[in-house]
Structures are given as C-alpha cells and as structure tokens.
Amino acid sequence: GVGVGLVAFVIKGVAILAWIQITGNANNVQGVYAQGGGGGLLSLVLATFFIGILTPLGEELLFRGVVTNALLRYGSFVGVVGSTLIFALAHGINIIFPAAVVAGLATAEVFRRSGSIWPAVVVHVVFNLPTIPVMVAAGMG
C-alpha cells in the first residue's frame, strides 16, 4: 500500500500539470486547507490529521467498501473504473479531478486485488498525508 501510494503521489503531480496545460485552469480549490493548516503548529497538525488520516478512512469506507464492492459484481473493469469515475466526480470538475482519478484507480485496484479495504486506506493516506504540509510550505492558499 505504501509503495502504490508513493507512486500515485508522483503520478498525481504529472496529472495535475497535464490538467493545467489542457484546461488552462490552475485555480487551487483546496487553498482553504492550506489556510487552515497555516495558523500555527496545532492547526497544521490538525489539518494534516483530518485530510491525511480521517478523510482517506471515510472515503475508502464509502467508495471502496460500498461503491467498488457493489460494482465489482459487474466485472473488474466496471468495478475499478466505475468507482474511480464516481470518486473523481464527487471531488468536482476542477484541478483536483485528475488527482482523484489517480487516487481512485490506485485504491480501487489495490482493493480489488487484496479483497480488503485496509491496503486501499494505506494508499490513500500516503497519497493525502503530505498535502497540507506541502501546501503550507509552498505558501499556497
């Protein structure tokens, strides 16, 4: 799960750059998270915990535990790609969409192969965990 999460994190960067080149839209819709994490050490830790740990847990319980599981009865392709598209669309058609596609494909495939939600949660945590610290360090938001 950790390895897949690290690879997906790198691919996410490329996917976002491609999105910006194709659409011209570089609007950071998650800047509010950087603002929340930029209020000192406690806010950085709390924002990182919520986005890096709790959000992946909740999203994986819903999207892999329920959606992917339900769609897998129609085959691997429908289960993985279908749940990925639902997951990505739930994040909106914005700069986060390509990142959500990458995360969705990685977590859905890990879930499908393992038969367990926990490796998918690990992938998602590794994927999300650096988000707030990186945005705060980069001065975004």
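The values are calculated or read from the model by the stated rules, or taken from the named source; none is laboratory data. No experiment lies behind these values; they were computed from the predicted model shown. FYI the Cβ positions are ideal-geometry reconstructions off the backbone, even for glycines, and counts take in every protein chain you see. Areas reflect the complete protein model, heavy atoms only, side chains present, ligands, DNA and RNA absent. Shrake-Rupley method; radii C 1.70, N 1.55, O 1.52, S 1.80 Å.
Observations
- Residues that are part of a helix (DSSP H, G or I) and either open to solvent by less than 50 Å² (accessible area, probe 1.4 Å) or under 19 Å from L57 (Cβ atoms) (or both), drawn from region 21-43: G31, Y33, A34, G36, G37, S43
Yes/no matrix, rows are residues, columns are (1) free of Cβ contacts under 8 Å to residues at least 40 places away in the same chain; (2) at positive phi; (3) surrounded by 20 or more Cβ atoms within 10 Å (Cβ to Cβ); (4) touching a helix residue (DSSP H, G or I) at 6+ places or on another chain (Cβ under 7 Å):
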site: V2; (1), (2), (3), (4): no, no, no, yes
site: K12; (1), (2), (3), (4): no, no, yes, yes
site: R64; (1), (2), (3), (4): no, no, yes, yes
site: F77; (1), (2), (3), (4): yes, no, no, no
site: A90; (1), (2), (3), (4): yes, no, no, no
site: A100; (1), (2), (3), (4): yes, no, yes, yes
site: V110; (1), (2), (3), (4): no, no, yes, yes
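- Any hit, region 114-122, residues being aromatic (F, W, Y) and crowded, with 17+ Cβ neighbours inside 10 Å: no
- Scope region 38-62; condition of a type in the set (A, V, I, L, M, F, W, C) and in contact (Cβ under 8 Å) with a residue 12 or more places away in the chain; matching residues: L44, A47, I51, I53, L57, L61
- Scanning region 116-137 for residues that are free of Cβ contacts under 8 Å to residues at least 40 places away in the same chain and within 17 Å of I16 (Cα to Cα) yields a single hit, V134.
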